[in-house]
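First up is the structure itself, then whatever we jot down about it.
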Amino acid sequence: RVYVMLTNNSRRTAEQVNRANPRARNVHGHIVEIIPPGAGSARVDHAATEARWGIFIAAGNDPAFRKFCEFLGIPDVAKDERFATNGARVINRDALTEILEKRFSSEDGHDLTRRMLAVGLPAGPVLHVDEAMAADHTAFRDMVADIGDYRALNTPIKLSRTPGGARTRPPRFNQHGREVLLARGFSEAEIAALEADGVIVGARRKA
């Protein structure tokens, strides 16, 4: 399957990922979705993506769509009045899907992505979690935080003087409660009284 975004309004675009179907998604009113032959019989809003070569392509406006079609060797598709504008493509999504399904049926998604990026067309492979965590780009962006036996995603915000990122493990329940109260001016005696009165809870209460 190839998931192609042909829209100039991506604010409401959403991807729905779950354990059972790691590449499931919800349909969008401004997106034309492509499911190449062999990727599964479900061609509806929440169709599964099983192919390892799944990719996401963004042709976010009409000039980009024309460049996209030229790259694919089907420039006449962009000239067709059914697909010349984003609104027309959405209305005629079934016809466009059929054309692009045939064009993509023999493509390797990772190779296609590299070729598209080389000519300035935004595209990227849709990866499983383990593939994404091991990707070169993920390492370059320092997007995995390994702190002892703790591993999680790092922050995507990378400022030059304040790069941010995880530096410690997430605290346990009330791990720093005493330190925080002391820093705010509470005395040891006051903290002990709060603990005795049940105001400060040192362990999670059982439901």
Open item on the list: So for segment 155-167 (the condition being under 24 Å from the mean Cα position of the chain (by Cα) and under 27 Å from LEU112 (Cβ atoms)), does at least one residue qualify?
Closed with: yes
Task: Hits in segment 86-108 (condition: at pLDDT below 85 and of a type in the set (Gly, Ala, Ser)) - done: SER105, SER106
Open item on the list: What are the pairs with Cβ atoms under 8 angstrom where one residue, in segment 122-138, is within 17 Å of ASP111 (Cα to Cα) and assigned to a helix (DSSP H, G or I) and the other, located anywhere, is β-branched (Val, Ile, Thr) and at pLDDT 85 or above? Sequence gap at least six, or different chains.
Closed with: ALA132/THR138
Task: Residue that is nearest to ALA59 (Cα to Cα) [pool: residues in segment 107-121 that are of a type outside the set (A, V, I, L, M) and in a helix (DSSP H, G or I)] - done: THR113
- [ ] Go through segment 98-133 residue by residue and tally those that are surrounded by 18 or more Cβ atoms within 10 Å (Cβ to Cβ) and polar (S, T, N, Q).
- [x] 1
Task: Close pairs (7 angstrom Cβ cut-off, 6 or more residues apart or separate chains): among the basic types (Lys, Arg) in segment 75-97, in a loop (DSSP other than H, G, I, E, B) anywhere - done: ARG82/ASN92; ARG89/LEU6; ARG89/VAL32; ARG89/PHE83; ARG93/VAL32
TODO: Say whether the condition of being under 30 Å from ASP136 (Cα atoms), modelled with pLDDT under 85 and in contact with a helix residue (DSSP H, G or I) (Cβ under 9 Å, 6 or more places away or on another chain) is met by at least one residue in segment 62-82.
DONE: no
Open item on the list: On the basis of being touching a residue at least 60 places away in the same chain (Cβ under 8 Å), assigned to a helix (DSSP H, G or I) and over 30 Å from THR138 (Cβ atoms), does GLU101 make the cut?
Closed with: yes
- [ ] Give the number of residues within segment 166-207 that are under 28 Å from ASN154 (Cα atoms) and either touching a residue at least 60 places away in the same chain (Cβ under 8 Å) or surrounded by 13 or more Cβ atoms within 10 Å (Cβ to Cβ) (or both).
- [x] 5
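The values are calculated or read from the model by the stated rules, or taken from the named source; none is laboratory data. All of these numbers come straight from a predicted model, not from anything done at the bench. A quick note on method: Cβ atoms are made from the backbone with ideal geometry, for glycine too, and the neighbour counts reach across all protein chains shown.
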